[in-house]
Amino acid sequence: MKKYIVIAAMAFAAMPILAQETYENAKIAAEDLNGTARYVGMGGAMEALGADISTISTNPAGIGLFRKSTASVSFGLVSQQDVEEFAEGNKTNLSFDQIGFVYSARSGKSSFLNFGFNYHKSRNFDFILSAADGLNNASQNKLTYAKQKNGLLYEVNADGVPDFDRSYASCNQIDDIYARNLNYDTDQNMWFYDPATSYTLDRAHKGYVGVYDFNISGNINDRVYLGMTVGLHDVNYRHYGEYSERLQGPNGDYTATFTDERRIDGAGASVTAGVIFRPIETSPFRVGLSVATPIWYDLTTSNWTMPYSDGQALLDKSASETYDYKVYTPWKFGLSLGHTVGNYLALGASYEYADYAHLDSRMKTGSYYDYWYGEYYDESESDRVMNDHTKQTLKGVSTLKLGLEYKPDPAIAVRFGYNYVSPMYKSEGFKDGSLQSNGSYYASATDYTNWKATNRITCGVGYTTGKFNLDLAYQYSATNGDFSPFMTYVDNDFADEDNICDAVKVSNKRHQLLFTLGYRF
């Protein structure tokens, strides 16, 4: 029996329903630490302390601690460390990160009813990925050969001749280009492959996920604070990559290159509810609880894949696709603690948990028209095959936030924070190109990265003058990962047909400088 490769008999000649792949979905689901400079400077540990507009999306009850109306805007720079610029990817980029306001109105002797709106960038995709290594006779087209050997690419007639118009769901765009142009000898009806000696990968990611939050919150006797936020999420993701292998052909060595352009656009919605309470009436110590629904994403993706041979574009061999799909992220739960000492010290700690093994890839199965409201609505169902793969690849993520703010003077604040995010990916996870799923069929790249834990160190300063506050924050973020250009294939019967590629180490180290201007009214 073949490791990782399984034989399936389900033909997939027509595909009216579409879904996406685990690793692509995980990019959209992950979040950065971002918001106001005060929030970032304290490592995001303000869910129980409140009175910062960035808590609108993590614990909405934090907006209930405002006693005056306020408005703020944040922007800055994000710079990636240890990379060379590639294509349209830049090491350093300007970023508009936040803008919002809170309107606070007294509703009783010691109670307030607050309304808030805030935009913030929850995910900044600007990132350059580069990897290279030897292949020791493995190759991407050898994987295509192995998949056909196990009956995973095309239907065949009684003579064993493949029908290139009748492919299975596990035949992705790379497989199709290789099979039609390199892996199959039509004269001899024979499949073959060219081994490789090395590979290189360069890819520039760009874009963002922007969140528009609408909040209502308040407090009961300045002891219990309640809040709810409705979030609208805007996805704009782009990448351009070049993957090359140095192959050993029968007529000499040559280079095969695939360029891959992909974009993902769409929108999502979520609801977050939270509470903060002071268990001891005479103490400022606070406890916060929050729960966030899944983000219900409705997305569209499109790509263009172009093969090159020794630098020459093969325009007639290119492939492109556009399709719609849905992704539902997991529920998220939060627990936070906060304490103040006088008016000069604030301490915060927060913990969040979300189980990404339950990330739901969904296929659109159709739509219907509501004559009463005059609108179309999509129907969808879970892609069980891809979701099973997600459970084998992703896992629960814990986020720990710690923060401190010290005021040596009422007008000056100094802040420090630490942020730890546990790995989303299992170490044994891989992009399984043998799955009978639309997510596999429409894949335009075979590589994947299992990212490990993220560590963030933050600091900042703030200055208040009159009704204005000026805040500056610095964030250093570091994540290491294991990159593989394609999944491993092991043939237990013929060792010389093994297609094994060792993972190489990659990293994402980023520096962020963030500035916030605030005004109280």
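Bear in mind that the values in this text are calculations on the coordinates, not laboratory data. Computed from a predicted model, the values in this text were never measured in an experiment. Note that each Cβ is placed from the backbone with ideal geometry, even for glycine, and that neighbours are counted across all protein chains shown.
How much length is gained if the chain between T186 and D222 is pulled fully straight, taking 0.36 nm per residue apart and subtracting their Cα-Cα distance, in nm to one decimal?
Details: separation 36, 0.36 × 36 = 12.96 nm, distance 7.93 nm.
In short, 5.0 nm is gained.
Between S107 and S422, how high is the FRET efficiency from 1/(1 + (r/R0)^6) when r is the Cβ-Cβ distance and R₀ = 30 Å? Nearest 0.05. Let's see the in-between values first.
Values: r = 41 Å, r/R0 = 1.35.
My answer for the efficiency is 0.15.
Using the scaling law 2.2 N^0.38 Å as the reference, what is the normalised Cα Rg of region 103-170? Provide the component values of the computation, followed by the final result.
Working: Rg = 29.2 Å, N = 68, 2.2 N^0.38 = 10.9 Å.
With N residues counted in region 103-170, Rg over 2.2 N^0.38 Å equals 2.67.
What shape does region 86-212 have by the C-alpha gyration tensor, where a ≥ b ≥ c are the square roots of the eigenvalues, rounded means a/c under 1.5, and otherwise prolate means a/b greater than b/c and oblate the rest? Walk me through the numbers before you get to the answer.
On the way: a/c = 5.09, a/b = 2.53, b/c = 2.01.
It is prolate, given that a/c is not under 1.5 and a/b is the larger ratio.
Hey, got the dipole for the chain? About the Cα centre, +1 on K and R Cβ, -1 on D and E Cβ, debye to the nearest 20? Let's see the in-between values first.
Numbers: 45 positive and 61 negative charges, 665 e Å.
For the chain, the charge dipole is close to 3200 debye.
Extending each Cα 7 Å along its Cβ direction at D82 and D388, get the distance between those two points in nm, one decimal.
3.8
Cα atoms only, region 399-494: Rg and Dmax in Å?
Computed over the Cα atoms of region 399-494, radius of gyration and Dmax are 22.6, 78 Å.
Run the helix sum for the chain: -39,500 (n - 2.57) per DSSP H stretch of 4+ residues, divided by residue count, reported at 222 nm to the nearest 500 deg cm²/dmol.
For the chain, the value works out to -2500 deg cm²/dmol.
Ratio of alpha-carbon Rg to the 2.2 N^0.38 Å globular estimate for region 136-179, to two decimals, please. Show your work: numbers first, answer last.
Working: Rg = 10.5 Å, N = 44, 2.2 N^0.38 = 9.3 Å.
So the Cα radius of gyration is 1.14 times the expected 2.2 N^0.38 Å.
For D496 and L345 in one chain, what is 0.36 nm times their gap in residues minus the Cα-Cα distance, to one decimal in nm? Write out the running numbers ahead of the final one.
Values: separation 151, 0.36 × 151 = 54.36 nm, distance 6.60 nm.
Difference between extended and current length: 47.8 nm.
Filter K147/K395; K68/K121; K91/K395; K147/K509; K121/K147 down to the pairs with a C-alpha to C-alpha distance above 32 Å, please. Intermediate values should be presented prior to the final figure.
Details: K147/K395 28 Å; K68/K121 25 Å; K91/K395 30 Å; K147/K509 36 Å; K121/K147 41 Å.
From the list (K147/K395; K68/K121; K91/K395; K147/K509; K121/K147), the Cα-Cα distance tops 32 Å for K147/K509; K121/K147.
Starting from the Cα gyration tensor of region 301-365, multiply each eigenvalue by 5, take the square root, and state the resulting semi-axes largest first in whole Å.
Largest first, region 301-365 gives 50, 20, 9 Å.
Please report how far the C-alpha centroid of region 467-514 lies from that of region 89-121, rounded to the nearest whole angstrom.
When both Cα centres are located, 32 Å separates them.
Give the distance, in whole Å, between the Cα centre of region 305-352 and the Cα centre of region 376-406.
10
Rounding to the nearest 10 and keeping the result within 0 to 90°, find how far the Cα-based axis of helix 384-393 lies from the longest principal axis of the chain.
The helix 384-393 is inclined about 70 degrees to the chain.
Send over the semi-axes of the chain's equivalent ellipsoid, whole angstrom and largest first, taken as the square roots of 5 times the C-alpha gyration tensor eigenvalues. All intermediate terms of the calculation are to be shown ahead of the outcome.
Working: eigenvalues 484, 118, 69 Å².
Its equivalent ellipsoid spans semi-axes of 49, 24, 19 Å.
Between 0 and 90 degrees, rounded to the nearest ten: what's the tilt of helix 140-149 against the longest Cα principal axis of the chain?
On a 0 to 90 degree scale, this one is about 60.
Can you tell me the alpha carbon radius of gyration of region 198-245 divided by the globular rule-of-thumb value 2.2 N^0.38 Å?
Numbers: Rg = 21.5 Å, N = 48, 2.2 N^0.38 = 9.6 Å.
Against the compact-globule rule of thumb, the ratio is 2.25.
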